[in-house]
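Structure first, then comments.
The values are calculated or read from the model by the stated rules, or taken from the named source; none is laboratory data. Predicted model, so just to flag it, every value in this text is computed and none were measured. Cβ coordinates were reconstructed from backbone atoms using ideal geometry, including for glycine residues, and neighbour counts include every protein chain displayed.
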Amino acid sequence: MNFAQAISTCFAKYATFSGRASRPEFWWFFLFQVLVSIAASMLSDTLSGLVGLALLLPALAAGTRRLHDIGKSGWWQLIMLTVIGWFVLVYWWAQPARDAGSEYASA
């Protein structure tokens, strides 16, 4: 999956919290979010806030689908509210996919 495909897939599944997301899909969309957020923050604080709000739901959905791909519940994203939780999530998001027999593997 390339950059454009990942972005279009994540926006097509804007609020879809079921199914799986591959590592390339998740990380390309993550890069897109970072680049758009940086560009928006250079222009204005208001635009930066609007971009953050617009990308919040697809980011959570992609993160949830990525966690499903490694056999974890999307609710684990709540640990990002702690400092150490960010490191744990990045580690999990970087893990290879588990088999399709996982509880969260349904599409």
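Filter the range 19-29 for residues that are touching a residue at least 40 places away in the same chain (Cβ under 8 Å) and either surrounded by fewer than 19 Cβ atoms within 10 Å (Cβ to Cβ) or of a type in the set (K, R) (or both) and give the result.
G19, R20, S22, R23, W27
Looking only at the range 67-98, which residues are among the aliphatic types (A, V, I, L, M) and in a helix (DSSP H, G or I)? Talk me through it step by step, then tell me what you get.
Going residue by residue through the range 67-98, those that are among the aliphatic types (A, V, I, L, M) are 67, 70, 78-81, 83-84, 88-90, 94, 97.
Those that are among the aliphatic types (A, V, I, L, M) and in a helix (DSSP H, G or I): L67, L78, I79, M80, L81, V83, I84, V88, L89, V90.
Looking only at residues that are surrounded by fewer than 17 Cβ atoms within 10 Å (Cβ to Cβ) and not hydroxyl-bearing (S, T, Y) in the range 37-48, which one is nearest to F87 (Cα to Cα)? Reasoning before the result, please.
Just the residues of the range 37-48 that are surrounded by fewer than 17 Cβ atoms within 10 Å (Cβ to Cβ), to begin with: 37-39, 41-47.
With not hydroxyl-bearing (S, T, Y) added as a condition, the list becomes 38-39, 42-43, 45, 47.
Working: I38: 21, A39: 25, M42: 27, L43: 30, D45: 27, L47: 28 Å.
Only one residue fits best here, namely I38.
Just the residues that are over 17 Å from C10 (Cα atoms) and within 14 Å of the chain's Cα centre (by Cα), please, taken from the range 47-71. Walk me through how you get there before you give the answer.
Kept after step one, since they are over 17 Å from C10 (Cα atoms), are these residues of the range 47-71: 47-50, 70-71.
Scanning the range 47-71 gives a single hit, I70.
Okay, residues lined up against (1) modelled with pLDDT under 95; (2) touching a helix residue (DSSP H, G or I) at 6+ places or on another chain (Cβ under 9 Å):
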residue	(1), (2)
L35	no, no
A39	no, yes
L43	no, no
L47	no, yes
V51	no, yes
L55	no, yes
G74	yes, yes
M80	yes, yes
G85	yes, yes
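What number of residues within the range 9-18 satisfy the criterion of being within 13 Å of the chain's Cα centre (by Cα), part of a helix (DSSP H, G or I) and either surrounded by fewer than 17 Cβ atoms within 10 Å (Cβ to Cβ) or touching a residue at least 60 places away in the same chain (Cβ under 8 Å) (or both)? Give the steps one after another, and end with the answer.
Taking the range 9-18 and keeping what is within 13 Å of the chain's Cα centre (by Cα), we get 9-11, 13-18.
Keeping just the survivors that are part of a helix (DSSP H, G or I) gives 9-11.
With either surrounded by fewer than 17 Cβ atoms within 10 Å (Cβ to Cβ) or touching a residue at least 60 places away in the same chain (Cβ under 8 Å) (or both) added as a condition, the list becomes 11.
Selection size over the range 9-18: 1.
Taking the options A62, A97, A15, A40, name whichever one is within 19 Å of F3 (Cα to Cα) and of a type in the set (A, V, I, L, M, F, W, C). Spell out how you get there, then give the answer.
On the way: A97 fails: within 19 Å of F3 (Cα to Cα); A15 fails: within 19 Å of F3 (Cα to Cα); A40 fails: within 19 Å of F3 (Cα to Cα).
A62 is the lone residue from the list that is within 19 Å of F3 (Cα to Cα) and of a type in the set (A, V, I, L, M, F, W, C).
Condition first: among the aliphatic types (A, V, I, L, M), loosely packed, with under 12 Cβ neighbours inside 10 Å and either over 20 Å from F29 (Cβ atoms) or at pLDDT 95 or above (or both). Can you find one or more residues in the range 58-67 that meet it? Break it down into steps so the answer makes sense when it comes.
Of all residues in the range 58-67, those among the aliphatic types (A, V, I, L, M) come to 59-62, 67.
Add one more test, that the residue is loosely packed, with under 12 Cβ neighbours inside 10 Å, and what stays is none.
Within the range 58-67, none of the residues are among the aliphatic types (A, V, I, L, M), loosely packed, with under 12 Cβ neighbours inside 10 Å and either over 20 Å from F29 (Cβ atoms) or at pLDDT 95 or above (or both).
All but one of (1) free of Cβ contacts under 8 Å to residues at least 60 places away in the same chain; (2) out of contact with any Phe, Trp or Tyr (no Cβ under 8 Å at 6 or more places or on another chain); (3) surrounded by fewer than 12 Cβ atoms within 10 Å (Cβ to Cβ) hold for V51; state the number of the condition that does not hold.
All conditions are met except number (3).
Which pairs turn up if I take residues in the range 75-98 that are closer than 20 Å to R20 by Cα and look for partners that are among the basic types (K, R) and not in a helix (DSSP H, G or I) with beta carbon separation below 8 Å, at least 6 apart in sequence or on another chain?
Final answer for the pair search is W92/K72; A97/R20.
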